[in-house]
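The values are calculated or read from the model by the stated rules, or taken from the named source; none is laboratory data. Everything quoted here is computed from the prediction, not taken from an experiment. FYI the Cβ positions are ideal-geometry reconstructions off the backbone, even for glycines, and counts take in every protein chain you see. Remember, those area values only see protein heavy atoms, side chains included, never the ligands or the DNA or RNA. Shrake-Rupley method; radii C 1.70, N 1.55, O 1.52, S 1.80 Å.
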Amino acid sequence: MTHAPITTPLTFTTERNTHSLPAAEREAILADPGFGKYFTDHMVSIDWSRQEGWTNARVLPYGPLLMDPASSVLHYGQEIFEGMKVYRHPDDSLWTFRPEANGTRLNLSAQRLALPQLPVGDFIESLRQLIAVDGPWVPSGHDMSLYLRPFMIANESFLGVRAAEKVSYLVIASPAGPYFASGVKPVSIWLSTEYSRAGRGGTGAAKCGGNYASSLLPQQEAAANGCQQVLFLDAVTREYIDELGGMNVFFVKKDGTLLTPNLNGNILHGVTRASIIQLAKDRGVAVEERPITITEWKDGVASGDIVETFACGTAAVITPINVLKGPGFEVGDPEAPAGEFTMSIREELTDIHHGRRPDRHGWLTRLDA
Ligand SMILES: *Cc1c(COP(=O)(O)O)cnc(C)c1O
């Protein structure tokens, strides 16, 4: 009989990076960071073992991990991650958006991937600890942020197939510029008819690296067909819309109704998705979360019943869609600008993120105090 480790909040130690980037070089990066290219001076690392639970919570200089080639994540892909952003408000305070939702989802993913639960309080504290030393890396400016990437990996040197008994949780951070550098531009979507991202009982609702690995080939197919993103259907009937490779999808109907696939067990519980639904309801917009067929989308665009389509996720916030393409068909207008609702809900959400509008739902958490 094993005892569950006693969970008191973790205490972190901090080892300062003595080779942190000089301020002038950091500022040069922050002026045009792109996405996912540069990393801050520090990272968070916490160890877990079946015997001891979570231990050794620390902030340390950013750098390579020393791993045994037999480390289980390298062989069986037992890995999960999160994605969130830190925003610099006009008064220079630093905030993140609904971190308890990401912490809860991390544990949902952990459950599915047979990884240990990390208390949400420790999860949020890990972000605070990183920002305490890397706060200067949070850019200021429109649509600028510091992207946080918490992740958990199996890290036991063992080739047997079972859940690892040693795990590492890490947080790295990367400054991010506006996703649409030259203004928000609608994208075209490729309908994958050959591949699925998730099947019933699979890992579709978990944010795990494996889902992304399997989406890369269909994503290449999308690019080869002149599209920026790929849309996946349900694996059983291939009739129902699930989501894009890394974004949830929404439709606006002619009568103003907002439509999105329900959380069917195969799609990611997007925090952006949930927030858009709430903001739409606040506006008095009718929101339908239900199964949506690909035929409903195609016919709706053709008949004018669907007037706007967009995708959403933390990285790009909201991405307008103006074309749906697949083998032998294309609907929509490649010249069509982003829809009115799409852009106004995008502005409302990004204004809340950046502290330009009241946070009436208490979605923001301050990280630097
Ligand atoms: C992360 C992710 C999303 C978006 O989730 P947010 O919480 O809004 O960032 C949507 N779909 C998939 C597959 C994802 O991995």
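What FRET efficiency, computed as 1/(1 + (r/R0)^6) with R0 = 35 Å and r the Cβ-Cβ distance, is obtained for E194 and Y76, rounded to the nearest 0.05?
Details: r = 25 Å, r/R0 = 0.73.
Efficiency at R0 = 35 Å is approximately 0.85.
How far apart, in nm, are the 7 Å Cα→Cβ label points at S303 and D68?
Between S303 and D68, the label points sit 6.1 nm apart.
Note down the nm distance, to one decimal, between modelled labels 7 Å out along Cα→Cβ at A114 and at T8.
3.3 nm
Can you give me the solvent accessible area of K254 with a 1.4 Å probe, rounded to the nearest 10 Å²?
We get 140 Å² for K254.
Provide the solvent-accessible area of H42, counting protein heavy atoms only and rolling a 1.4 Å probe, rounded to the nearest 10 Å².
0 Å²
At M343 and V236, where each label point lies 7 Å from the Cα along Cα→Cβ, what is the point-to-point distance in nanometres?
Distance between the two pseudo-spin positions: 4.1 nm.
Just add up the charged neighbours of L279: K/R +1, D/E -1, any other residue whose Cβ is under 13 Å from the Cβ of L279.
Net charge in that neighbourhood comes out at +2.
Tally up the carbon and sulfur contribution to the accessible surface of the chain as a whole percent, 1.4 Å probe, everything protein left in place.
It is 53 percent, rounded to a whole number.
Accessible area of S196, 1.4 Å probe, to the nearest 10 Å²?
Using a 1.4 Å probe on the heavy atoms, I get roughly 40 Å².
At what distance in angstrom do the alpha carbon centres of the range 95-167 and the range 280-346 lie from each other?
31 Å
For n ≥ 4 DSSP H runs only, could you compute -39500 (n - 2.57) per run for the chain, divide by its residues and tell me the 222 nm figure to the nearest 500?
On the way: 8 runs with 94 residues, N = 369.
Calculated mean residue ellipticity at 222 nm is -8000 deg cm²/dmol.
Taking just the alpha carbons, could you work out the radius of gyration and Dmax for the range 1-80, both in angstroms?
Expressed in Å, the Cα Rg and Dmax of the range 1-80 come to 17.2, 56.
Considering only S174, A101, Q219, whose Cα is most displaced toward the positive end of the charge dipole of the chain, charges sitting on Cβ of Lys, Arg (+1) and Asp, Glu (-1)?
Of the listed residues, the answer is A101.
What number comes out for the charge environment of S145, summing +1 per Lys or Arg and -1 per Asp or Glu over other residues with Cβ under 9 Å away?
Values: positive: K85, R88; negative: D143.
Here the charged neighbours net out to +1.
Find the percent of Cα-Cα distances in the range 13-176 that exceed 25 Å, and round it to a whole number.
33 percent
Just to confirm the number: angle between the C-alpha axis of helix 294-303 and the first principal axis of the chain, 0 to 90 degrees, nearest 10?
It is inclined by approximately 50 degrees.
Once the mean 1/r over all distinct Cα pairs of the chain is inverted, what Kirkwood radius in angstroms do you read off?
Value: 21.7 Å, from the Cα pair sum.
If you add up the charges near G256, with Lys and Arg at +1 and Asp and Glu at -1, over every other residue whose beta carbon is less than 15 angstrom from its beta carbon, what do you get?
Taking every other residue near G256 into account, the sum is -2.
Suppose the chain between L159 and R357 were pulled fully straight at 0.36 nm per residue; how much longer would it get relative to their current alpha carbon spacing?
Roughly 66.1 nm would be gained on extension.
How large is the dipole of the range 13-176 about the Cα centre if only Lys and Arg carry +1 and Asp and Glu carry -1, each at its Cβ, rounded to the nearest 20 debye?
Here the size comes out at about 360 debye.
K185: which lysines have alpha carbons under 24 Å from its alpha carbon, excluding same-chain residues fewer than 8 sequence positions away?
K37, K85, K253, K254, K298, K325
Please go through the range 325-366 and write out the GluC sites (Glu not before Pro) that DSSP classes as loop and that have at most 14 other C-beta atoms within 10 Å.
Here the GluC sites (Glu not before Pro) that fit, given the DSSP loop and packing criteria, are E335.
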